Amino acid sequence: MMLLACASPEISPGYLARLSIGRRDGFLLTLREWAFGPHLIGMATCPRCGDRLEFSFEVADIRATPEREPEPDEEFSIAVCDYEVAFRLINSQDLLEILDSGDLVSARRILLDRCILAVSYRGIESSLDSLPDSVVNRVAMEMELLDPQGDLQLSLSCPSCSHRWEAPFDITSFFWTEIEGWVRHILRDVHTLARAYGWRESDILAMTAKRRLIYMELVDR
Ligand SMILES: [Zn+2]
């Protein structure tokens, strides 16, 4: 949300917090593409043999295209068996609420409490507790369909042992890690150029990346 707020100061933080996770992540993907390009490289550990492997893909490969982009707080409903359930999609506020929940069961309960808006059974108002697990699972599946960018799985295969598995891809932590690496890289350049030429940090940072790179190559010689 901090990254999106920097990139789009005209959008209120409250609106960003209420965007569905899929829409938020879609915006983050676009921002990542603008910042570092469309090519992504990641690392994973094979769950069978423990080898580290590098994988790469394009932003377009993981960009989900739902029929329609959900609006913040938009209400949906689904009829399963004799139940009718009104719900909204999970947003960043909901994820903040489960940060300290401790375990999966209570996290799941908090999300359901927040996102399931009304339950009725054969037309009579009912409660969340009355919902069978099968109905809850159908609601979860429907959420996934409505907000496909919110839960991305990458199909990976290990070159060492041929094991295949699905790994979740989280653009938030991926992009954040990249930004941290980029900052370290820039600071290293600042350090090198400041030491070589005695320039101030602000002057080095004000240069274009291309200009800085040329100076870096000259220093390395
Ligand atoms: Zn392996």
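The values are calculated or read from the model by the stated rules, or taken from the named source; none is laboratory data. Since the structure is predicted, the reported quantities are computational estimates derived from the model, not experimental observations. Quick reminder, even Gly has a Cβ in these numbers, built from the backbone with ideal geometry, and neighbours come from all protein chains shown. What goes into the accessible areas is simple: the full protein's heavy atoms, side chains included, and nothing from ligands, DNA or RNA. Shrake-Rupley method; radii C 1.70, N 1.55, O 1.52, S 1.80 Å.
Specify the residue that is farthest from ALA64 (Cα to Cα); the eligible residues are those in the stretch 110-121 that are of a type in the set (A, V, I, L, M) and assigned to a helix (DSSP H, G or I). Talk me through it step by step, then tell me what you get.
Step one: filter the stretch 110-121 for residues of a type in the set (A, V, I, L, M), giving 110-112, 116-119.
From what's left, assigned to a helix (DSSP H, G or I): 110-112.
Details: ILE110: 27, LEU111: 23, LEU112: 24 Å.
Checked the stretch 110-121; the qualifying residue farthest from ALA64 (Cα to Cα) is ILE110.
Are any residues in the stretch 4-62 of a type in the set (S, T, N, Q) and open to solvent by 20 Å² or more (accessible area, probe 1.4 Å), and if so, which ones?
Residues of the stretch 4-62 of a type in the set (S, T, N, Q): 8, 12, 20, 30, 45, 56.
Once the filter is applied, which keeps residues that are of a type in the set (S, T, N, Q) and open to solvent by 20 Å² or more (accessible area, probe 1.4 Å), the stretch 4-62 yields SER8, SER12, THR30, THR45, SER56.
Taking VAL80 and the conditions (1) of a type outside the set (Phe, Trp, Tyr); (2) buried (at least 16 other Cβ atoms within 10 Å of the Cβ); (3) over 21 Å from SER134 (Cβ atoms), which numbered condition does it fall short on, given that it satisfies the others?
(3)
With respect to GLU58, is the statement that it is under 21 Å from the mean Cα position of the chain (by Cα), acidic (Asp, Glu) and over 23 Å from SER173 (Cα atoms) true?
Details: under 21 Å from the mean Cα position of the chain (by Cα): yes; acidic (Asp, Glu): yes; over 23 Å from SER173 (Cα atoms): no.
No.
If you check every pair at least six apart or on different chains, which have Cβ atoms under 6 Å apart with a residue in the stretch 74-89 that is in contact (Cβ under 8 Å) with a residue 60 or more places away in the chain first and a residue that is surrounded by 15 or more Cβ atoms within 10 Å (Cβ to Cβ) and in a strand (DSSP E or B) second?
Hits for this filter: PHE76/PHE87; ILE78/VAL85; LEU89/SER20.
In the stretch 90-109, which residues are hydrophobic (A, V, I, L, M, F, W, C), surrounded by 14 or more Cβ atoms within 10 Å (Cβ to Cβ) and free of Cβ contacts under 8 Å to residues at least 60 places away in the same chain?
Of all residues in the stretch 90-109, those hydrophobic (A, V, I, L, M, F, W, C) come to 90, 95-96, 98-99, 104-105, 107.
Those still in the list that are surrounded by 14 or more Cβ atoms within 10 Å (Cβ to Cβ) too: 90, 95, 98, 107.
Once the filter is applied, which keeps residues that are hydrophobic (A, V, I, L, M, F, W, C), surrounded by 14 or more Cβ atoms within 10 Å (Cβ to Cβ) and free of Cβ contacts under 8 Å to residues at least 60 places away in the same chain, the stretch 90-109 yields ILE98, ALA107.
Yes or no, residue by residue, for (1) under 18 Å from the mean Cα position of the chain (by Cα); (2) at negative phi; (3) away from the ligand (no atom under 16 Å from the Cβ):
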site	(1), (2), (3)
ARG18	yes, yes, yes
ARG24	yes, yes, yes
LEU31	yes, yes, yes
ALA44	yes, yes, no
ARG48	no, yes, no
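Being in contact (Cβ under 8 Å) with a residue 12 or more places away in the chain, in the same structural domain as GLN149 (by TED's automatic domain parsing) and farther than 22 Å from THR177 by Cβ: is that true of ARG24 here? Don't jump to the end; show me each part of the working.
Values: in contact (Cβ under 8 Å) with a residue 12 or more places away in the chain: yes; in the same structural domain as GLN149 (by TED's automatic domain parsing): yes; farther than 22 Å from THR177 by Cβ: no.
It is false that ARG24 is in contact (Cβ under 8 Å) with a residue 12 or more places away in the chain, in the same structural domain as GLN149 (by TED's automatic domain parsing) and farther than 22 Å from THR177 by Cβ.
Can you confirm whether the stretch 90-105 contains a residue that is over 14 Å from the mean Cα position of the chain (by Cα), at positive phi and in the same structural domain as ASP133 (by TED's automatic domain parsing)?
yes
Could you grab me the full set of residues in the stretch 180-201 that are under 22 Å from MET43 (Cα atoms) and in contact with a helix residue (DSSP H, G or I) (Cβ under 8 Å, 6 or more places away or on another chain)? I'd like the intermediate steps shown before the answer.
Taking the stretch 180-201 as the starting set, the residues that turn out to be under 22 Å from MET43 (Cα atoms) are 180-185.
TRP182, the sole residue that qualifies.
Could you tell me which numbered condition VAL139 fails, if it satisfies all but one of (1) hydrophobic (A, V, I, L, M, F, W, C); (2) closer than 30 Å to SER12 by Cβ; (3) open to solvent by 30 Å² or more (accessible area, probe 1.4 Å)?
(3)
Sort out which residues of the stretch 177-198 are free of Cβ contacts under 8 Å to residues at least 24 places away in the same chain and open to solvent by 80 Å² or more (accessible area, probe 1.4 Å), and write them in order of number.
THR177, GLU180, ARG184, HIS185, LEU187, ARG188, HIS191, ARG195, TYR197
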